[in-house]
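See structure below.
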Amino acid sequence: MLKQNLQQKLLQKLSPQQIQFIKLLQVPTVSLDTRIKEELEENPALEDFSLTLSEPEEQYPDRDPDDDYNSSDNEGGEADEFNIDDYLQDDSVNDYGSRYDQNGDDEEDKKEMPIAIQSSFIENLQAQLDLLLLSDKDFMIGKQIIGSLDDDGYLRRPIMSLTDDLAFSANVLAEDEEVEDMLKVIQTFDPPGVAARTLQECLLIQLRKKDANDPIVKKAIVVVENYLDEFTRKHYDKLERSLNMNSNELRAVVGEILKLNPKPGDASEVNTKQLQVIPDFHITNNDGVLILTLNAKNAPELKVSRSYQEMFQHYDKASQKDKKLKEAVQFVKQKLDSAKWFIDAIKQRQQTLLKTMNAIMQYQYDFFLTGDDKNLRPMILKDIADKINMDISTVSRVANSKYVQTEHGTFLLKSFFSEAIQTESGEEVSNKEVKKILEEHIGKEDKRHPLADEKLTEILKDAGYNIARRTVAKYREQMNIPVARLRKEL
């Protein structure tokens with residue numbers, strides 16, 4: 001039986017302009033130029049004004065970002081009718097200027113670091129394989145093994161799977177024993193330990209390449225072969241008893257093992273190009289006054305193409321319009337609208353970045369002056385969102401992907417946000433201050449008797465920080481500091 005119901009729902013949909021702004025806001029500076037180039041290629045009605053200038057002009061005149069933002073759409077709302085003249089090339093004004101000072105960026109800041117061209121980890125192994133006198137079959141097996149290695153240099157695929165891959169993809173029928181034999185050949189390649197299947201095998205390969213007559217090396221092999229679990233857990237007393245060694249001998253053996261590389265692929269891996277960190281903001285200290293500037297890469301000089309505007313006016317004024325002409329008018333208008341939306345999104349992105357960073361700078365003023373983590377105030381996303389009258393999600397998008405360069409280093413904005421902890425005196429401090437104290441005490445501890453979490457909790461309580469042991473353990477883990485037992489040294 002069919003029923004008809006009348007329901008009323010309240011739905012909130014994002015306009016294409018809002019979606020475009022949100023996506024641009026998340027784009028880091030290093031990728032913004034690529035995104036703009038893509039838009040320039042897709043939309044002929046959009047032009048990069050900087051390419052048409054014959055002489056450099058002042059790019060970023062003083063402007064209060066609050067004025068710009070308040071006059072713009074609310075976080076990328078529906079676009080109203082617009083005057084296309086506002087988006088055409090104007091030789092006298094660049095309305096993208098939004099900085100907190102009028103000094104241009106140093107030329108050195110605009111230069112990008114050159115990237116050295118090196119052989120990748122896989123290419124290095126392949127070159128060693130090419131030097132061997134092998135049959136075609138063994139060469140294909142070796143090539144398959146090298147191509148199956150993980151980035152850290154380990155072979156984690158079963159031999160049977162490699163045999164199947166050779167049969168299906170390379171039409172090479174090989175026995176498991178043949179693949180195993182070729183694997184042993186590749187395990188002799190540099191860097192030592194490559195193509196191992198386990199950590200134990202990786203360490204043993206490296207040790208067996210050392211002087212076989214060295215008694216320390218011999219004992220190190222025994223430890224890795226038979227007592228690797230005790231070694232990794234730092235149960236040194238048990239090792240001394242089991243191997244009948246004194247503390248000096250064990251210290252030498254442990255030192256020999258610690259020299260080995262547990263991840264041989266990482267040593268020469270340059271195959272993955274690391275993302276270069278380009279700061280979105282610069283904060284300079286001018287005699288105790290902080291000055292915030294926006295990286296010039298965040299303020300492109302985009303304008304609507306004048307030729308496209310003239311084309312639109314010509315088509316629109318035509319006395320008679322057939323179907324093709326109407327389609328042409330619609331196409332040109334669509335491109336003009338798209339160019340206008342993109343320019344607005346870039347402009348709004350710039351204003352949002354400046355408003356957010358300025359609020360963070362004012363909130364953490366003492367830290368930016370001194371660079372001391374102990375001067376970081378407790379700050380959550382809501383604190384900044386309330387300060388600039390924006391949504392928490394907007395502040396989060398800025399904080400998670402943008403960097404600021406200061407005289408004390410370059411920081412991800414996210415690192416300035418922290419929870420509050422109350423001291424015995426009732427004062428609220430950042431948990432970063434507590435982490436700093438923990439790090440200092442752990443750094444000064446006697447490594448033969450490292451400080452347990454209970455002892456660290458007592459130290460913090462004596463300093464006025466009433467924190468539970470589980471919280472101390474959580475902070476220690478967040479700083480990637482192992483438990484006391486694993487920090488122990490001989």
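Structure above, values below:
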item	result
Stretch gain in nm, segment GLU477-LYS37, where the contour uses 0.36 nm per residue and the Cα spacing is subtracted	154.2 nm
Whether segment 118-168 is rounded, prolate or oblate, judged on the alpha carbon gyration tensor where a/c under 1.5 counts as rounded	oblate
Extension reserve of the ALA170-VAL30 stretch, reckoned as 0.36 nm per residue once the Cα distance is removed	46.4 nm
Full-stretch length increase - GLN334, LYS374 - with 0.36 nm per residue and alpha-carbon distance subtracted	9.0 nm
Separation of the SER135 and LYS238 label points, Cα + 7 Å toward Cβ, nm	4.7
³J(HN,Hα), Karplus 6.51/-1.76/1.60, whole Hz, each residue of segment 391-398, x for Gly, Pro	6, 4, 4, 5, 4, 4, 5, 5
Estimated distance in nm for a label pair at LYS488 and GLU419, the labels positioned 7 Å out from Cα along Cα-to-Cβ	3.1
Pair TYR227, GLU310: separation of 7 Å Cα→Cβ label points (nm)	8.7
Förster-model FRET efficiency, 41 Å R0, SER393 and ILE122, C-beta, rounded to 0.05	0.50
For segment 293-306, 3J(HN,Hα) per residue [Karplus equation, 6.51 cos²θ - 1.76 cosθ + 1.60, θ = phi - 60°, Hz, x = Gly/Pro]	10, 9, 4, 4, 5, 8, 10, x, 9, 9, 9, 7, 4, 5
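Bear in mind these aren't lab numbers, they're just calculated from the coordinates by the rules spelled out. Remember, predicted model here, so these are calculated numbers, not experimental data. Positions of Cβ are generated from backbone atoms using ideal geometry, with glycine treated the same way; all protein chains shown enter the neighbour counts.
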